[in-house]
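See structure below.
Read the figures in this text as sums done on the coordinates, not as results from a lab. For clarity, every value in this text was computed on a predicted model and none was experimentally measured. All Cβ positions, glycine included, derive from the backbone under ideal geometry; neighbour counts span all protein chains shown.
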Ligand code: UD1
Ligand code: UDP
């Protein structure tokens, strides 16, 4: 079978790495990179480090408004699909690249395979929620990471070719955990000591695009005296610069460029806690039994909330600080599969 995979943003490279490796054992795969993420440390670094095959098509779309970005992707992807005539189009997650890939294929009657289907925050103000709902409703094969995701699809009357195969991000962590321990020198490079620092990531539109929210988050960080390391997403760096907010007022803060995946796994596993609004980082913290504080009002990964392994705090300064101080002892339950989600996906197409 001939698959065309459409990718564009950092978490999709990480999800695609294990799936691509399995898929190519039995099928032909071509990769379209939309260019949604383009900085070296938001894109190329993952292809190199995770040995993801080089994209066959690079659209170079870059950043713009939702409509313009998605529209330009649609137009170029359609042309490639018409020329290549794949049997399936494979998309991951919930970004604008996901929506463009799934919609272009569905309109051409090419079966759509959605990996990480069925997630819902039930907040349609999030661009990701629109992308997920639209993609799930035009998909022909829906690979869910959890029972909750299957149930969400059932509630929307999507029941055909729905599979709970576990989470491909768990596959990625299992495959790379040991490599990260062996290869990453990130703690030394930044003068960090295991279990003596907090790891921060922030990039969600609802946090970065509302001045009061990003200010409140920074005000909370000012009151955490311990070392904090923050590989900053370019979106957030731009917002902080534009608003003239001063990160120097935050004590013991190491703001660093976005890091590669092996460095990120290392930073996560050695942190006291993780403070994030990322979907992927919440789960990775859970996989590694590192407590997480999630600066969002909802999470799609509701399983992680059990026993306060992950605490939802929104952007309220006091809630953030209380969650940071709270003693919690997360356990990992195998609700995200056994690390073989990728081979289960591929086995479906035998
Ligand atoms: C996108 C996804 C989000 C996902 C995130 C992963 C959508 C709507 N959002 O958000 O679901 O969680 O990726 O990281 O698809 N920028 C750079 N260099 C880059 C990439 C981005 O400078 O390589 C800056 C640009 O100023 C750009 C901004 O970041 O305008 C936002 O990028 P964009 O891809 O639109 O959204 P993300 O916030 O990255
Ligand atoms: N990540 C990374 N380097 C970083 C920040 C994140 O490798 O500097 C990885 C992280 O380990 C996870 C994924 O990127 O696998 C999460 O992506 P992101 O937070 O950008 O998006 P989301 O998961 O929220 O869609």
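How do 154, 276 line up, fewest other C-beta atoms within 10 Å first?
Working: 154 12, 276 24.
Ascending Cβ contact count within 10 Å gives the list 154, 276.
Among 197, 170, 329, 38, which comes first, then next, by fewest other beta-carbon atoms within 10 Å? It would help to have the intermediate numbers written out before the result.
Numbers: 197 22, 170 25, 329 9, 38 17.
Ordered by Cβ neighbours within 10 Å, fewest first: 329, 38, 197, 170.
How would you rank 24, 204, going from fewest to most other Cβ atoms within 10 Å of each one's own Cβ?
Details: 24 13, 204 22.
Final ranking by Cβ density, sparse to dense: 24, 204.
Mind checking the angle between helix 211-222 and the chain's longest principal axis? C-alpha axes, 0 to 90 degrees, to the nearest 10.
50
If I model a spin label as a point 7 Å beyond the Cα along the Cα-Cβ vector, how far apart are those points for residue 350 and residue 272 in nm?
Label-label distance for residue 350 and residue 272, simple model: 5.0 nm.
With the Cα gyration tensor of segment 28-171 giving a ≥ b ≥ c as the square roots of its eigenvalues, does the rule (a/c under 1.5 for rounded; else a/b larger than b/c for prolate; else oblate) give rounded, prolate or oblate?
Values: a/c = 1.44, a/b = 1.37, b/c = 1.05.
Rounded, because the longest to shortest axis ratio a/c is under 1.5.
Compare the peptides 286-297, 49-60, 114-125 by average per-residue count of other Cβ atoms within 10 angstrom and give them in order, highest first. Kindly include the intermediate steps, with their values, before the conclusion.
Values: 286-297: 22.2, 49-60: 16.1, 114-125: 20.2.
Going from most to least packed, we get 286-297, 114-125, 49-60.
Please give, to one decimal in nm, the separation of the simple spin-label points placed at residue 305 and residue 188, each 7 Å out from Cα toward the Cβ.
Placing both labels 7 Å along Cα→Cβ, they lie 4.2 nm apart.
To the nearest Å, what is the center-to-center distance of segment 208-242 and segment 162-200, using C-alpha atoms only?
Here the two parts' Cα centres lie 22 Å apart.
If I model a spin label at residue 39 and residue 338 as a point 7 Å from the Cα along the Cα→Cβ vector, what separation in nanometres do I get?
4.0
For helix 234-243, report the angle its Cα long axis makes with the longest principal axis of the Cα atoms of the chain; keep it between 0 and 90° and round to the nearest 10°.
Helix 234-243 sits roughly 50 degrees off the main axis of the chain.
Could you tell me how many degrees, from 0 to 90 and to the nearest 10, lie between the Cα long axis of helix 127-138 and the main elongation axis, the longest principal axis, of the Cα atoms of the chain?
For helix 127-138, the angle is close to 20 degrees.
Taking square-rooted eigenvalues a ≥ b ≥ c of the alpha carbon gyration tensor, is segment 9-111 rounded, prolate or oblate, where a/c under 1.5 means rounded and, failing that, a/b exceeding b/c means prolate?
Details: a/c = 1.83, a/b = 1.07, b/c = 1.72.
Taking the square roots of the gyration eigenvalues as a ≥ b ≥ c, segment 9-111 is oblate.
Counting each DSSP H run of 4 or more residues in the chain as -39500 (n - 2.57), what helix-only mean residue ellipticity at 222 nm follows after dividing by all residues, to the nearest 500 deg cm²/dmol? Can you show the working numbers first?
Numbers: 15 runs with 155 residues, N = 350.
Taken over the chain, the calculation gives -13000 deg cm²/dmol.
Determine the distance separating the Cα centre of segment 101-127 from the Cα centre of segment 1-37; give it in Å without decimals.
Result: 16 Å between the Cα centres.
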